[in-house]
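The values are calculated or read from the model by the stated rules, or taken from the named source; none is laboratory data. Everything quoted here is computed from the prediction, not taken from an experiment. Ideal geometry is used to build each Cβ from the backbone, glycine not excepted, and the neighbour counts take in all protein chains shown. Surface accessibility is based on the protein's heavy atoms, side chains included, excluding ligands, DNA and RNA. Shrake-Rupley method; radii C 1.70, N 1.55, O 1.52, S 1.80 Å.
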Amino acid sequence: GWMAATCFNRLQSVATAACTFGPIYKKNMRVFYDTEKFVHSLNIVKNGVCGESGRVDSASRVIMAKFLLRVASVYCQDSTASQDSELKAALMEFSIHLADEVASISLKCPHYHVNSMTHRTKLRLCQTLVLLSQWADQWTAGRLCGRVMAALQSDNQLSVRYLLEWAVCLLLLGHPSLLHAHLLPHLLPDADKRLGRMCSSLTIALHTGLGLPAPAKNAYYQRVLPLVLRWATSHHFVVRLYAQASAVRMWGDCVQSGLVEVLDSLCHLEGFIHFIQENGYVPAICLH
């Protein structure tokens, strides 16, 4: 038990390298190899000039992901034995390590292009983080939420932001007691009003509400829905659109789930929600 945990801690850098493994090409070389792969996929290469190596660059990442999920499923469900708790703690520390790596890359390279090496590395780190988020305990989940929400301040690629948002949603759904500390402050009027941060907070608020069990939705929507509606009149068009679409989806979930307490206590908001539901761009956004 303790020996396995010690070995796992010492091999964090190896596991991180396996999770982010992939070819390092310059931009012009990536175009060449992507074109070569596409030509091979057409099965029209007859002269053998471009040989097919059969190499699968994602194999190491898949093997490491399976290993981490296997360890998590065995040792994180029931950690009654001391060796189980030690290995679980090592896995939780690895999750924190992944989040710190994402933050470190954001500081070193705050601006990067789509499909660049920085983008690919962050994307693979976030994919592994999402896999492990569902197994995080209460203490680890709180640390991860703080780090991921901080990472959302600086990241500017949508594919990475989506994964970070899903990681926060999984952590909050697994530990609803973290909502007051790690979500509600980001919806207050004096919260960070940067575009990406606000849109991510509204998206997390929506999907967390949709994923909560029915008994917990009453208290959640009574607290969150008025905060979301405040941003529906924001001066920034994109934030306003995100808030309006989120409010419409939340209200629709209340109606569908039969949350009478929420509908009665927030009945004064019903007219405004119906108005934004039937006008502007919100119907098309909710449809897609």
**Report entry** Given (1) more than 19 Å from M250 (Cβ to Cβ); (2) not in a loop (DSSP other than H, G, I, E, B), number of the condition D190 does not satisfy
**Finding:** (2)
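Quick check on the stretch 253-284: of everything there that is aliphatic (A, V, I, L, M) and at pLDDT below 85, which residue is surrounded by the fewest Cβ atoms within 10 Å (Cβ to Cβ)? Even if it seems obvious, please write down each step before you answer.
To start, the set of residues in the stretch 253-284 that are aliphatic (A, V, I, L, M) comprises 255, 259-260, 262-263, 266, 269, 273, 276, 282, 284.
From the residues that got through so far, the ones that are at pLDDT below 85 too are 269, 273, 276, 282, 284.
Working: L269: 16, I273: 21, I276: 22, V282: 23, A284: 9.
Residue satisfying both the conditions and the ranking: A284.
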Requested in this report: Restrict the check to the stretch 101-119 and report whether at least one residue is closer than 23 Å to A17 by Cβ, polar (S, T, N, Q), within 12 Å of the chain's Cα centre (by Cα) and assigned to a helix (DSSP H, G or I).
Outcome: no
Report task. Filter the stretch 207-233 down to residues that are over 19 Å from G146 (Cα atoms), of a type outside the set (V, I, T) and crowded, with 17+ Cβ neighbours inside 10 Å, then give me how many there are. Result -> 11
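Within the stretch 215-283, considering only helices (runs of 4 or more DSSP H) that don't extend past its boundaries, which have at least 1 residues that are touching a residue at least 12 places away in the same chain (Cβ under 8 Å) and more than 27 Å from the chain's Cα centre (by Cα)?
Details: elements: 237-257, 260-265, 270-278.
Hits in the stretch 215-283: 260-265, 270-278.
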Requested in this report: Write out, first by first residue and then by second, each pair whose Cβ atoms fall under 9 Å of each other, whose residues are 6+ apart or on separate chains, and whose first residue, in the stretch 131-159, is within 21 Å of H113 (Cα to Cα) while the second is in a helix (DSSP H, G or I) and open to solvent by 50 Å² or more (accessible area, probe 1.4 Å).
Outcome: S154/L107
